[in-house]
1. In nm, what is the difference between 0.36 nm times the number of residues separating ILE162 and HIS104 and their Cα-Cα distance?
2. With the full set of protein chains in place, find how many percent of the accessible area of segment 42-180 is carbon and sulfur; take the probe as 1.4 Å.
3. What is the count of Lys pairs in the chain whose alpha carbons sit under 13 Å apart, if the two are 8 or more places apart or on different chains?
4. Over segment 99-196, what is the mean sequence separation of C-alpha contacts under 8 Å (at least six apart), divided by residue count, expressed as relative contact order in percent?
5. How many times 2.2 N^0.38 Å is the alpha carbon radius of gyration of segment 20-113?
6. Please list the equivalent ellipsoid semi-axes of the chain, computed as the square roots of five times the alpha-carbon gyration tensor eigenvalues, in descending order and whole angstrom.
7. Can you find, among GLN120, GLN90, SER157, the residue farthest towards the positive end of the dipole of the chain? Put +1 on the C-beta of Lys and Arg, -1 on that of Asp and Glu.
8. Using DSSP to define loop residues, name the GluC sites (Glu not before Pro) in segment 117-210 whose beta-carbon has at most 15 other beta-carbon atoms within 10 Å.
Amino acid sequence: MRLNNLVRLSEIDDSNRSDHFHLTADDICYFLYEYTSGYNYEFSSTNSRISNLKKKPSQRGQQHYQYKEGAIRSCARDFSQALNAQWLAQATLVPVPGSKVIDHPDYDDRMVRICNGISQPPPDVRLLVLQAQSTNASHEAQEGDRVTVEELADLYSINENIANPAPSAIAIVDDVLTAGTHFRAMKDILTTRFPGIPIVGLFVARRVFPENPFANFA
C-alpha cells in the first residue's frame with residue numbers, strides 16, 4: 001500500500017510485531033498512534049482519544065459523552081490525511097464489529113462511522129463480517145475472560161448480501177491493536193471468502209507498555 005507525503009501511519013515490523021501475539025510476518029498492519037497501557041485518558045492525547053472512542057452508547061446524554069463524537073471525527077480526519085487517495089479509491093474498508101450485536105444497548109458503530117468519515121475520495125465501506133452474538137469488550141474483560149480467535153471464528157460470518165462485487169483490496173479497520181485477536185479472526189474469514197485478495201490492517205493506535213510499568217503507582 002502506497003502512502004502519501006502526509007503519512008502519519010507507521011507499519012508493524014520485526015521491531016514491534018512480538019507486542020501483538022497473533023500477528024505473523026505475513027500480516028501487513030499500519031497504525032496512527034501508540035496507546036499506553038495502564039494509564040488513563042490524562043496520560044496522552046492518544047489515551048484520551050481512545051478513552052473517548054470507547055465511551056458506551058448507553059452513556060449517551062451524559063455530559064462527557066460529547067467527546068466521543070469529536071474523537072470519531074478526528075480519527076476519520078487523520079486517516080483521510082494518511083491514506084493514499086489512489087489506494088483508497090480501489091480498496092474496501094471493513095470495520096471490525098463491536099463487541100455487542102445491533103440490538104444491544106451498547107451496540108457501537110464507531111468504526112463504521114470513522115470509515116464513512118474518511119474522505120478524498122469517499123471510500124467503499126462494507127460490514128462484510130457479521131458477529132452472531134455479543135462478547136465481553138476486550139478492554140473491560142479480565143485476562144481469562146477475553147474472547148479468543150477460535151471463539152470469534154465461530155461467531156463471525158460473511159454478509160453475503162454485500163459481498164459482490166468482490167473487493168480488489170481489503171483493509172480491516174479497528175481502533176486499538178492489542179494481541180491482534182480480532183484482526184486474526186477477521187483476516188482468516190475474509191481470506192477464505194476472498195482468496196488472493198490483498199488484506200491489510202488499519203488501526204487508530206497500537207497498544208504499548210510503559211518502560212516502567214510501576215511508574216504510575218509511585
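The values are calculated or read from the model by the stated rules, or taken from the named source; none is laboratory data. Just so you know, these numbers come straight off a predicted model, no measurement behind them. Glycine gets a Cβ as well: all are built from the backbone with ideal geometry, and neighbour counts include every protein chain shown. Only protein heavy atoms, including side chains, enter the accessible area calculation; ligands, DNA and RNA are left aside. Shrake-Rupley method; radii C 1.70, N 1.55, O 1.52, S 1.80 Å.
1. Working: separation 58, 0.36 × 58 = 20.88 nm, distance 2.29 nm.
Length gained, ILE162 through HIS104: 18.6 nm.
2. So the carbon and sulfur contribution to the accessible surface is 47 percent.
3. Numbers: LYS54/LYS68; LYS54/LYS100; LYS55/LYS68; LYS56/LYS68; LYS56/LYS100.
Step by step, the pairs that qualify in the chain add up to 5.
4. So the answer I get is 28 percent.
5. Numbers: Rg = 15.1 Å, N = 94, 2.2 N^0.38 = 12.4 Å.
Compared with the compact-globule rule of thumb, segment 20-113 sits at 1.22.
6. Each semi-axis is √(5λ); the values are 25, 20, 19 Å.
7. GLN120
8. Listed in order of number, the matching sites are GLU140.
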